[in-house]
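Just so you know, all these numbers are worked out from the coordinates, no wet-lab data involved. Remember, it's a predicted structure, so these values are computed and weren't measured experimentally. All Cβ positions, even for glycine, are placed from backbone atoms using ideal geometry, and neighbour counts span all protein chains on display.
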Amino acid sequence: MQAQENQQARKSDARDFVLSVEGLTVSFDGFKAVNDLSFYVEEEEIRVIIGPNGAGKTTVLDLICGKTRSTEGSIKFRGKEITKQKEHQIVHGGIGRKFQNPSIYEDLTVYENLEISFPRGRNVFGALFFKRDDEVDAAVRETAETIFLDDQLDSVAGLLSHGQKQWLEIGMLLIQKPELLMLDEPVAGMSVAERKKTAELLNRITKGRAVIVIEHDMQFVEDIAHRVTVMHQGKVLSEGSMERVKNDEKVIEVYLGH
Amino acid sequence: MSFVSFRATFSRHDLVYIGILAALLFAILPLFLDIFRLNLVGKYLTYAFVALGLVLCWGYGGILSLGQGVFFGLGGYAMAMFLKLEASDPESTKIQSTPGIPDFMDWNQITELPWFWEPFYSLPFALLAIIIVPTLFAYIIGVAMFKRRVGGVYFAIITQAIASILTILIIGQQGYTGGVNGITDLRTLLGWDIRTDSAKYILYYLCCFLLLVCLVLAKLITKSKLGRLLVAMRDSEDRVRFSGYDVANFKIFVFCVGAAFAAIGGAMFTLQVGFMSPSFVGIVPSIEMVIFCAVGGRFSIYGAIYGTLVVNWAKTTFSESFPELWLFAMGALFIGVTMSFPRGLAGLYSSYVEPFILNRWKQLKSKQNLKVSAEQARV
Amino acid sequence: MFSDYTSAELVSIFAMQGFAGLILFSVFVLMALGLAIIFGQMGVINMAHGEFMILGAYITYLLSSFFENNLPSLFSIYFFLAMILAFIVTAALGALVEWGMVRHLYRRPLDTLLATWGLSLILQQVYRSVFGAREVGVTLPDWMMGSIPLTDLVEIPFNGVFVMILTFVIAVSVYFLMFKSRFGGQVRAVVQNRPMAGAVGINTQKVDRITFAIGCGIAGIAGSAFTMIGSTGPTSGQLYIVDTFLVVVFGGAASLLGTIASAFTISQAQSTMEFFLSGSMAKVLTLLVVVGILMIRPQGLFALKIRR
């Protein structure tokens, strides 16, 4: 109840949020994968979305970054409606998104992967006459250091380990300096040591930006989450601190019931 | 472009390869072949323009066009229209019922030059049209297809359908296009007879020069960030899109470049062979041009040129002596290259020949170094 | 172009051309069904599909001359035998091709396109060596030659109706095979998740081979039908391949109903326009409209919106 009141109160001044999603619905031939969903993300917040398989978590990210078009509802990024924007315009606006399976350019080197992601020369002729100058070089090296890959710059990305690929993709987003970072299962398939490093990485990179993370690993969620949104059948089931969500009857039923 | 960035783009390897190719085209072939054979090589090289464009579109961009003959044809026809008008002056066509128009129009009871032929009296217009018409056409196709994310086999089939449409149109409208025979009997370019041996030499050299220009342009494109983006798109198109690039624009760009290259090839074909016909536009020639590129190696700019030369040389030799075997050989080539050698001649070169050469080179160098150090030790 | 005719005449013309287009429609449907099954199941574009069809046509031709010369008493039923034999032979060749070539090229759809094109060149040359470069025609039994007069202007040709019924039967069988039988279940399982299908004990290789063979076999039957509208030559198949691909793409590659609807639209449009325009312009116009529509709606007419 209280959460709902909170939301009502917040709705009035949506501009203060980095991201406000309201009444978002998408239907695939009648099946509503996301159904009248609303949530709000604040500045410098790490928001984790959890929920059982098929709850619509990835679809929400698809909708925000423009990969899937919503049937109804609005998504505002810093007060600006983005539901009608093209994918690259949304990226230019400052939203970066990491996919569930690491998607990097396997035929290119780590350096080239990061360089391509550097936000300059993004149109045809810009790319044609792009020069690898000191600014680019510095940004690439700095990012590589952040993602623990500074000694791998010249390796072909296809040869990296699974965890390193995940970091590389995060790095490819970081170099764009997005204001909102969306990560889909960033630690899936990582070793325990890698998970710890990733948690540390996430905590470090949230300075100055908001982050939305989808994750299944509850320990990891506890480590990083400021707030947690639980989704079930395309709707928000519960929202709040990890502590609150963990003790929510409805959440317990969905996760442990049946 | 400054010399420094030129050096950054072209490694010493590239300079060697370009040098070898230039020597072959400009010196070795003209030295050893008579003008008839050299003219034939010139004809093959016009297909190499198409293969070069395909390396960019297919090898780098991952978009396979089975309709490159359309652009080759449009370029060739634009050139042919100018030459035909020059050949159809009222004096030499005075036996026709309407003098001053191309002969095939007269045969088809057309009494007035169609409006779209008029501007081709001007050479500058014709030269512009050679590049602009096919590129514009490619742009329209590209926007319609790539902006709606049509790709892969769908794109291949639709380009094939377009090639088929254009062929049927050209053959069907013979009063305007010369029909199945094409535009033939071309004689002079601004009064300069293009059928003489000396003209054929000059046109051959012009063709080689233009090919090298296109090769350098292609190399510049592949070595730029745009080239790396194309490779990246092949690996993960969504990642490129969500890194803030409008993926469609890059595909449209390479497709247009490929079309422009093909069109230059077509125009050079018309000049060197002296006619243009729908048999270079349709489905069969278009897909054959793909195999030139595949044999050379779809990822290799140099391979495209050698592949075109090798396949066409084989085609000529075969069809002169065993015409019925050629289709078998061609079919086997399609199957063999795709199944066993997807990287083509360039792949064979880089996995067998190049390491051998490099090894030898290193051995030579280390021997020299040994000698030098031995001498130094003696001193 | 319509102003020269009265409206009654126009109706008759449309009806007449419509019936005349029935065989073309049937050939399109059969060809497209085969292609769509193969493309939908394996993502393979079979550029040699036209040559498989022509193989069926040659078999029909061989049987017709065999019966004419040796068993004239049974001539009236040879066509049924021809169709069955056409199916068996082309299906066998299809299985062989799948085993020798196509299975090595899965996940490289553009390469299968080129490799099967190579196969089509080889087959064309084989036909030329065996049957000669000249086109051959088939004699139809008398009972298929007649027609039912409907009005003074409109006649329904027997062979058209016959082929129509046959096509309908095959389409229904394909529907049952793909959507109601156990084999169809396996096929769809493989389409949706190949490794998983393999893991639950479906022999995915066998499923692929049978699917490819059936697709080619249907093309063989299309070849039998084809002998009624055109004469058979080594390169006759190549003329149909682009049209058939457009039928498949236009219909939305995964939809059986879409394939039939688009085959109907394209064949009827072409047949009707042929009456008013020259054959080549009718074809240009049809193809242009199809390509135009595909540019606006690239997923085809009958595609589902799926969750991706």
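Things worth noting here:
- Directionally averaged shadow of the protein assembly as shown, computed from the convex hull of its alpha-carbon atoms, nm²: 51.5
- Taking chain C and dividing mean pair separation by its residue count, relative contact order in percent (alpha carbons under 8 Å, at least six apart): 35
- When B:Met276, B:Met105 are sorted by how many other C-beta atoms sit within 10 angstrom of their C-beta, beginning with the fewest, the order is B:Met105, B:Met276.
- From least to most packed, judged by other beta carbons within 10 angstrom and beginning with the fewest, A:Lys67, C:Lys206, B:Lys223, A:Lys57 follow the order C:Lys206, B:Lys223, A:Lys67, A:Lys57.
- Just so you know, the Rg over Rh for region B:41-309 is 1.01, from Cα atoms, with Rh as the Kirkwood radius.
- Relative pair counts by distance (%), Cα atoms of region A:53-101, 10 Å bins: 26, 57, 17, 0
- For chain A, the Kirkwood hydrodynamic radius from C-alpha pairs, put into Stokes-Einstein at 4 °C and a viscosity of 1.567 mPa s, yields a diffusion coefficient of 68 µm² per second.
- Residues C:Leu177 and C:Gln205, FRET efficiency given R0 of 30 Å [Cβ-Cβ distance, rounded to 0.05]: 0.95
- Principal semi-axes of the equivalent ellipsoid, √(5λ) from the alpha carbon gyration tensor of region A:83-236, are 26, 20, 14 Å from largest down.
- Pairwise FRET efficiency - C:Arg297 versus A:Glu145, Cβ, R0 = 35 Å, nearest 0.05: 0.10
- Percent RCO, i.e. relative contact order, over chain B, from Cα pairs under 8 Å lying at least 6 residues apart: 30
- Restricting the calculation to Cα atoms, region C:7-126 shows an Rg/Rh of 1.10 when the hydrodynamic-style radius is the Kirkwood one.
- Partner shielding of A:128-135 amounts to 3, given as the average count of beta-carbon atoms from other chains within 10 Å of each residue beta-carbon.
- Chain A: relative contact order as a whole-number percent, Cα under 8 Å and 6+ apart: 26
- log₁₀ of I(q)/I(0) at q = 0.18 Å⁻¹ - region C:19-241, Debye sum with one point per alpha carbon: -1.26
- Inter-chain neighbour count for C:287-298: the average number of beta-carbon atoms from partner chains within 10 Å of each residue's beta-carbon is 4.
- FRET efficiency, 1/(1 + (r/R0)^6) with R0 35 Å, evaluated for B:Val353 and B:Ala374 via beta carbons: 0.65
- With neighbours defined as other Cβ atoms within 10 Å of a residue's Cβ, the residues A:Arg69, A:Arg195 order from fewest to most as A:Arg69, A:Arg195.
- A simple spin-label model places pseudo-atoms 7 Å from Cα toward Cβ; at B:Gln363 and B:Tyr205 they are separated by 4.1 nm.
- Stokes-Einstein D in µm²/s, Kirkwood radius over Cα pairs - region C:12-71 at 37 °C with 0.692 mPa s viscosity: 236
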